[in-house]
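Below you'll find the structure, written out as structure tokens, and then a few comments.
The values are calculated or read from the model by the stated rules, or taken from the named source; none is laboratory data. Keep in mind that this is a model prediction, so the values were computed, not measured. Every residue, glycine among them, receives a Cβ derived from its backbone with ideal geometry; neighbour counts consider all protein chains shown. Note: accessible area is taken over every heavy atom of the protein model, side chains too, but ligands, DNA and RNA are not part of it. Shrake-Rupley method; radii C 1.70, N 1.55, O 1.52, S 1.80 Å.
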Amino acid sequence: MMKKEKVRERIIRVASDLFYKQGYNSTGINQIIAEADIAIGSLYNHFSSKNDLLQAYLVKEELDWFDGFEKSTSKISNPREKLLGLIDYRKKLQQTSKFAGCHFIKIVSEIGEGNSSVSAFAKQHKEKQKEMIRTLVNEYAVQVQKTDSDLIAENIFLLIEGAVVTSTINRQNDAFDQVKKIVQGLLP
């Protein structure tokens with residue numbers, strides 16, 4: 001039997017869906033309250049402002065992103081295969097979102113530098129992704145005695161980010177297949 005969703009989690013889930021689908025600026029507090037089926041007081045018991053809720057959304061998306069990656073590659077121990085698994089994971093995220101794009105790119109493009117804590121969080125999230133790639137490339141480099149692992153990690157990160165943007169614009173995933181071939185060439 002499923003445990004009843006806590007009010008705070010329900011608020012974050014509903015706000016996350018709305019922020020992602022229709023944008024932060026286009027989502028009002030009243031819509032969140034209505035769709036979460038809560039009283040206005042419940043919202044303010046958990047979040048002091050819409051911006052506070054935005055921060056919770058970003059934290060949730062980051063945790064979901066890394067948790068999803070871990071689950072999708074948990075049976076893979078080889079670092080090269082795990083990197084190829086990352087490309088498959090990003091491809092799957094694009095498909096399941098119907099090519100809606102990256103949560104972090106979307107929020108930064110909408111809010112821009114107008115909210116420094118949001119842009120800082122998004123930059124930090126992308127740095128964590130890049131660091132994860134760098135760690136996997138370093139593990140691979142040790143196995144095959146390669147030395148240019150920082151450049152390879154940077155290239156893989158940029159290729160994957162480019163594939164996310166390209167697939168969002170084209171509404172198809174061909175770019176990920178191309179990136180996978182390039183990465184296989186970078187990691188012989």
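Based on protein heavy atoms only, the chain ends up with 54 Å² per residue of surface accessible to a 1.4 Å probe.
The simple Förster model, with R0 at 22 Å and r as the Cβ-Cβ distance, assigns THR96 and SER42 a FRET efficiency of 0.15.
Take 91-103, 29-41 and order them by the average number of nearby Cβ atoms within 10 Å per residue, most first; the result is 91-103, 29-41.
Using 0.36 nm times the number of residues separating LEU158 and LYS71, minus their current alpha carbon distance, what extension gain do you get?
Working: separation 87, 0.36 × 87 = 31.32 nm, distance 2.30 nm.
Taking LEU158 through LYS71 to full extension adds about 29.0 nm, to one decimal.
Of the heavy-atom accessible surface of the range 93-188 (probe 1.4 angstrom), what whole percent is carbon and sulfur? So the carbon and sulfur contribution to the accessible surface is 56 percent. With the simple model of a label 7 Å out from the Cα in the direction of the Cβ, GLU139 to LEU63 spans 2.4 nm. Against the chain, whose longest principal axis is taken from its Cα atoms, helix 7-22 shows a tilt of about 70°. Can you give the calculated 222 nm mean residue ellipticity of the chain, where each DSSP H run of n ≥ 4 adds -39,500 (n - 2.57) and the sum is split over every residue, rounded to the nearest 500 deg cm²/dmol? Rounded to the nearest 500, the figure is -26000 deg cm²/dmol. Residue ranking by accessible heavy-atom surface, 1.4 Å probe, largest first, among TYR20, TYR44 comes out as TYR44, TYR20. Among the GluC sites (Glu not before Pro) in the range 80-137, none sits in a DSSP loop with a Cβ that has at most 14 other Cβ atoms within 10 Å. Coupling constants for the range 102-117 follow from the phi torsions by the Karplus curve (6.51 cos²θ - 1.76 cosθ + 1.60, θ = phi - 60°), and in residue order they are 7, 3, 6, 5, 4, 5, 5, 5, 7, 8, x, 7, x, 10, 5, 6 Hz; glycine and proline get x.
With θ taken as phi - 60° and the Karplus curve 6.51 cos²θ - 1.76 cosθ + 1.60 applied, the whole-hertz 3J(HN,Hα) list for the range 148-160 is 8, 5, 5, 5, 4, 4, 4, 5, 5, 4, 5, 4, 5 Hz, x standing for glycine and proline. Once C-alpha pairs closer than 8 Å and six or more residues apart are averaged by separation and normalised to the residue number of the chain, the relative contact order reads 21 percent.
Put the Cα centre of the range 20-95 next to the Cα centre of the range 142-172 and the gap is 23 Å. Note that the range 169-183 has calculated 3J(HN,Hα) couplings of 5, 7, 6, 7, 9, 4, 4, 5, 5, 5, 4, 4, 5, 5, 5 Hz, one per residue in order, obtained from phi through the Karplus relation 6.51 cos²θ - 1.76 cosθ + 1.60 (θ = phi - 60°); glycine and proline are x.
How large is the charge dipole for the chain, taken about the Cα centre, if only the Cβ atoms of Lys, Arg (+1) and Asp, Glu (-1) carry charge, to the nearest 20 debye?
Magnitude of the dipole: close to 420 debye.
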